[in-house]
Amino acid sequence: MLDLVGKRYYWFLLSLLVIVPGLVSLMLHGLDLSIDFTGGTLWELQMSRPVQPGEVRDVLAARGYPDSIVQTSQDNVVLIRMKELKEGSPEKAELAAALRERFGDFTELRIESVGPTLGTAIRNRAVIAVALASLGILAYIAWAFRNTNNPFLYGIAAIIAMLHDVAVVVGSFSILGWLRGVEVDALFVTALLTIIGFSVHDTIVVFDRIRENLARRAAPTFEEIVNYSVVQTLVRSLNTSLTVVFTLLALFLFGGETIRYFVLALLIGVISGTYSSIFNASQILVVWENRELHRFLARLRGQRQRVPA
Amino acid sequence: MRIKPWQTLIAILLLTLAAVWVDLPGQTLDPFGWKSGITVQQGLDLQGGIQIVLEARPPAGVEVTQDVLQGTRDTIERRVNGLGVSEPVIQTRGSNQILVELPGYRDPEQAVRVLQRTALLEIIDTNGQYLAPGTIVNTTAGPASDVLGNEPTPTAEPAATPQATASPATATATPSPGATPGVESTPAAGEPAGTTASPTPEAGATPTPDATSEAEGPVYETIITGADLQDAYPTTDQFGTLVVGFELKGEATRKFCDYTSSHVGFPMSIVVDKQVISSPQIESAICEGRGIISGLNAQEVNELVLQLKSGALAVPLEVVQSRTVGPTLGQDSIDKSIVAGLVGLGLVALFMILYYRLPGIISVIALLMYTSFVFALFKLIPVVLTLPGIAGFILSIGMAVDANVLIFARLKEELRRGRTIARAIEEGFEHAWPSIRDSNISTMITCAILFWFGRYVGATIIQGFALTLFIGVAVSMFTAIVVSRNLLRVLLTSGLFHNLWWFGLERRPAEPAPAPGD
């Protein structure tokens, strides 16, 4: 039989290789927060002729909006990110008139405006939502696995796997923000919460097998039971992820522009979630059950004692 | 008596037909008009429109209570109804915000102007006439056109003859004194009215009537405004019935006393934004600065209290968040989502059939049924479909397959162990069920939290996603357990598919030979 559990430290290493660059980027660069969190205005216009971002920037700067970010895409669409420009305000009417004067008529595709204080409130809510989701799931798993020796162990292992996936996605978006200017918005938080749900969904299926095989004493040691369970569920885990990945890929390729990065976040999260439930979550159970961390620390302590001697 | 699998199957088929019938667009196959009114509700990002979050910014020292916020919400709702938007959303949010969504509305400047205006509460002298709630009036504090935007008082014209306006909207509220609510002095007031019965109604007139003379219809005199009101609360009269109690501020007491004592037996009208919301009859003079309005049912009492409270505060509102989506972006998104959904569904179907063969075909049938159920539910509940909501739906297609994958994996295992097909189906379901249940509940927990989070962020946009995913997960459990299982039972026990090739296995396994009666 495939020995997945025996190679657990290689799987952990692979996870670290993926997570660490993201965390480094997160420390050095952080996340590019969208107006949902910082406040400001996102204005998407369809011009009647092609325009250069610089021209638009000049008009905005001349009207008192110097630090605006202007992007152009196909079909003469211009996307402007700027400080808050209130809907229905005289300032907005003035600016629209100035743009019309310079570039001719345009269609307003969308304008989103968020006040600065509201942005902070949304950021706090996002953190609370992620924390609440973790606690809710921890509680549910502890309850669902109440008949095992250590119900909280399963909950904690699932949460660690989930944090792994959150770290992968947040890290990837930090790097994407750095390289491509991709912003993190309220939809990103939605994606994150969905990933949390999916990651745990996937992990539970594996844990469920472990619970069943433990009850049946399917193998002599805990380690072997876990390995047996992971191998048994491997095909199912991969197939489920594949079907979800198929639908997400279709959305990524053919879906609208506005949800492209939302779908990308989900895609990264689902792949990471599948990996973590096979290669991390159940392995953590083994590490705990064998008291490997304990022994590792003891060895460290032992070495430290030996050094001065 | 046990229900046989084929009986369940017929029930499922009927349910599917019903769902497909609901799914069909418009009035297809609908001779009796049962489907009228059942449509897909498109969110703001799909059909275009405006979303605005207003925040109360009261002057220093003034607190915005839930009551005041609720009253302000009601005022805004009335204004929104005046804009002629179908399916608007108006919700209070947190302690001091109001969310307004106007799907399909195209004029953000007008919307902001109408919503942001501070509500003006007035009590007017109706010259003895009964004005039905809903009537638009001109008052000495300003013409109706002040509050109704730039359009030249469209509803002010019928107000020219209050009797005429009363007729279309209010067949029930006939000006019979018995039916109308009454105003009287608080029962506690020992001193009878009439001591200062100086019949000078002009005393309260602020602007000169000629300022409003260009507006059609009579100009009613404003006796007091919200600024004169100290407080309003639900209370009981001497008979123990629920009534609205109110208190006036010092200066206004005298003015109101003068007016009420000279108009006993006549109606007066409480007006918000130039629109009559209640027309109680003056039962007695009110000189103590406190009075009650009786003759309303519990709900009306509540609504009037909220109105008076928020009218008394007249809290200024500020736009803190707005989102305007043009119609072109929305249509483009719908087209793209449909393509993405079809491609996604096709890929999943192909994969399932290639990998699982016969069970794969069954899961695809179950999946199609699943899609028809979910979409029918979206129409019936109705769920407001947003772009992330559609993504949630398409995502749930992928997740719905999971339950089937779990069951088939178990089924294959049981067959490999040498069980008979019928036995393997039952065992497969039995063993797969705990995983399906636990994993889906954890997804549902996150959906609930998402729903809560969405309420404070993108409102319907994120909530739409949470709701569609939740419904999707719930229905997927049903289709996996009921639909797939029964399809398998009926098809597989029929004897047509005894060759294990159909299940992705190489004929009969060599290991433990299946016991004939197992």
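Here, each number is a calculation from the coordinates, and none is a lab measurement. Keep in mind the model is a prediction, meaning the values are calculated, not measured. So basically every Cβ, Gly included, is an ideal-geometry build from the backbone, and we count neighbours across all protein chains shown.
State log₁₀ I(q)/I(0) for the stretch A:92-229 at q = 0.10, 0.13, 0.21 Å⁻¹ as given by the Debye formula over alpha-carbon point scatterers of equal weight, solvent excluded.
-0.54, -0.74, -1.21
Could you please rank B:LEU308, B:LEU296, B:LEU347, placing first whichever residue has the fewest other Cβ atoms within 10 Å of its Cβ?
B:LEU347, B:LEU296, B:LEU308
Please identify, among A:ARG81, A:ARG180, A:ARG295, the residue showing maximal mean-square fluctuation in a Gaussian network model of chain A using a 10 angstrom Cα cutoff.
Of A:ARG81, A:ARG180, A:ARG295, the Gaussian network model singles out A:ARG295 as fluctuating most.
Largest first, please: the extent of the C-alpha atoms of the protein assembly as shown along each principal axis, to the nearest Å.
Principal-axis extents of the protein assembly as shown (Cα, largest first): 109, 73, 65 Å.
Amide H neighbours of B:THR139 under 5 Å, counting only residues 5+ apart in sequence or on other chains, H built in-plane at 1.01 Å?
So B:THR139 has HN proximity to B:ALA144, B:TYR220.
How would you order A:134-140, A:74-80, A:243-249, B:258-264 from highest to lowest mean count of nearby Cβ atoms within 10 Å?
Descending mean neighbour count gives A:243-249, B:258-264, A:134-140, A:74-80.
Using 7 Å Cα-to-Cβ label points, what is the B:GLU77/B:THR65 separation (nm, one decimal)?
2.0
Local charge sum around B:ILE362 (other residues, Cβ-Cβ under 13 Å, Lys/Arg +1, Asp/Glu -1)?
+3
Roughly how many nanometres apart are two label points built 7 Å out from the Cα toward the Cβ at A:TRP178 and A:VAL231?
About 4.0 nm, to one decimal.
Taking H placed 1.01 Å from N in the peptide plane, check which residues at least 5 places from B:GLN230 or on another chain put their amide H under 5 Å from its amide H.
For B:GLN230, the qualifying residues are B:GLU247, B:LEU248, B:LYS249.
For all pairs of alpha-carbon atoms in the stretch A:90-133, what percent lies in each bin of width 5 Å, listed from the first bin to the last filled one?
Percent of pairs per bin, in order: 5, 16, 16, 15, 11, 10, 9, 8, 7, 3, 0.
Quick one: compute the contact order of the stretch A:33-123, relative version, from alpha carbon pairs under 8 angstrom and 6+ residues apart, as a percent.
47
So which DSSP H runs in chain A come out at 15 Å plus along the axis (Cα) with average Kyte-Doolittle of at least -1.0?
Taking the DSSP H segments of chain A (at least 15 Å long, mean hydropathy at least -1.0), we get A:8-28, A:90-103, A:116-144, A:151-180, A:186-216, A:222-254, A:260-276.
If a paramagnetic tag sat 7 Å from the Cα of A:LEU2 along the Cα-Cβ line, which residues of the stretch A:258-296 would have the backbone N under 14 Å from that point?
Hits in the stretch A:258-296 for A:LEU2 at 14 Å: A:274-280.
Give the average, rounded to an integer, of partner chain Cβ atoms located within 10 angstrom of each Cβ in A:227-240.
Rounded to a whole number, the mean comes out at 3.
Measure off 7 Å from each Cα along the Cα-to-Cβ vector at B:ARG437 and B:ASP231, then give the distance between these two points in nanometres to one decimal.
5.4
Going toward the positive end of the dipole of the protein assembly as shown, with +1 on Lys and Arg Cβ and -1 on Asp and Glu Cβ, which of A:LEU23, B:ILE76, A:GLY256 do you reach last?
A:LEU23
Could you list the residues of the stretch A:6-33 with an amide nitrogen less than 19 Å from a label point located 7 Å from the Cα of A:THR148 in the Cα-to-C-beta direction?
Inside the label zone: A:6-9, A:12.
Thinking of chain A as a set of Cα atoms, what percent of all their pairs are more than 36 Å apart?
35
Give the relative contact order (percent, whole number) for the stretch A:211-309; include only Cα pairs under 8 Å separated by 6+ residues.
In percent, rounded to a whole number, it is 27.
With the cut-off at 20 Å, report for the stretch B:310-410 the share of all Cα pairs above it, as a whole percent.
54
Please pull out the direction-averaged projected area of the stretch B:230-275, using the convex hull of its alpha-carbon atoms, in nm² to one decimal place.
Projected over every direction and averaged, the Cα hull of the stretch B:230-275 covers 4.5 nm².
Pairs of Cα atoms under 8 Å, at least six residues apart: use those to get the relative contact order of the stretch B:372-467, whole percent.
With pairs under 8 Å counted, the relative contact order is 39 percent.
On average over all directions, what projected area in square nanometres does the stretch B:267-314 have, based on the convex hull of its Cα atoms?
Taking a quarter of the hull surface, the average projection is 3.7 nm².
So how many Å³ per residue does the convex hull of the Cα atoms of the stretch A:41-90 work out to?
Output value, Cα hull per residue: 80 Å³.
Please work through the protein assembly as shown and write down the cysteines that have no neighbouring cysteine Cβ at a distance under 4.7 Å.
Cysteines of the protein assembly as shown left without a disulfide-compatible partner: B:CYS447.
Please compute, over every Cα-Cα pair in the stretch A:14-161, the percentage with a separation greater than 24 angstrom.
54
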